């Protein structure tokens with residue numbers, strides 16, 4: 001009888017210690033399996049073309065008042081869907097997945113969270129003062145495509161002219177500084193005008 005009780009106690013202790021060891025091993029080794037996401041081209045269609053506004057901090061147009069993250073940049077629409085980017089020449093697709101490194105630099109410079117934050121801030125400004133909103137915005141339709149291109153050309157030319165003007169101003173300032181230094185040097189050496 002003593003032998004039977006001893007065997008049962010030993011078996012129970014062994015079972016408990018192996019159960020504890022098993023739990024300990026599972027807790028320490030339990031690493032979540034990697035998540036694999038397979039995305040296919042989304043079938044996103046807008047009954048009414050979304051409104052796009054340009055946030056000055058982003059440098060491109062962002063769709064507002066829509067459940068999707070959609071952007072207009074470099075003559076294409078970009079859709080962030082299923083943790084990946086898709087591109088189309090039309091706001092209703094068809095969408096083709098685009099590797100991150102092939103996105104326009106303006107989009108790559110911002111995380112999706114930043115884009116959403118800047119979009120939401122600018123949209124609040126737009127809604128607050130819709131009739132007198134001074135920012136740029138558009139709603140895609142066939143007649144406006146040429147207007148967008150012309151506006152982009154105008155903006156590009158305006159930036160180019162501004163850079164050229166700034167460059168000329170810096171050049172003139174440097175010329176004046178050199179001239180002033182020469183005059184100071186001449187005055188210092190006693191060759192200046194008005195000397196007694």
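Observations on the model:
- In terms of the mean number of neighbouring beta-carbon atoms within 10 Å, the peptides 166-172, 112-118, 70-76 order highest first as 70-76, 112-118, 166-172.
- Summarising the label geometry, the points placed 7 Å from Cα in the beta-carbon direction at residue 124 and residue 162 lie 2.5 nm from one another.
- Each semi-axis of the equivalent ellipsoid for the range 51-140 is √(5λ) with λ an eigenvalue of the Cα gyration tensor; in descending order they amount to 22, 14, 11 Å.
- Take every pair of alpha-carbon atoms less than 8 Å apart whose residues are at least six positions apart; their mean separation over the length of the range 51-140 yields a relative contact order of 30 percent.
Each reported figure results from applying straightforward, stated rules to the coordinates on display, with no laboratory input. Nothing here was measured: the structure is a model prediction, and the numbers come from that model. Note: ideal-geometry Cβ built from the backbone for every residue, glycine included; neighbour counts use all protein chains shown.
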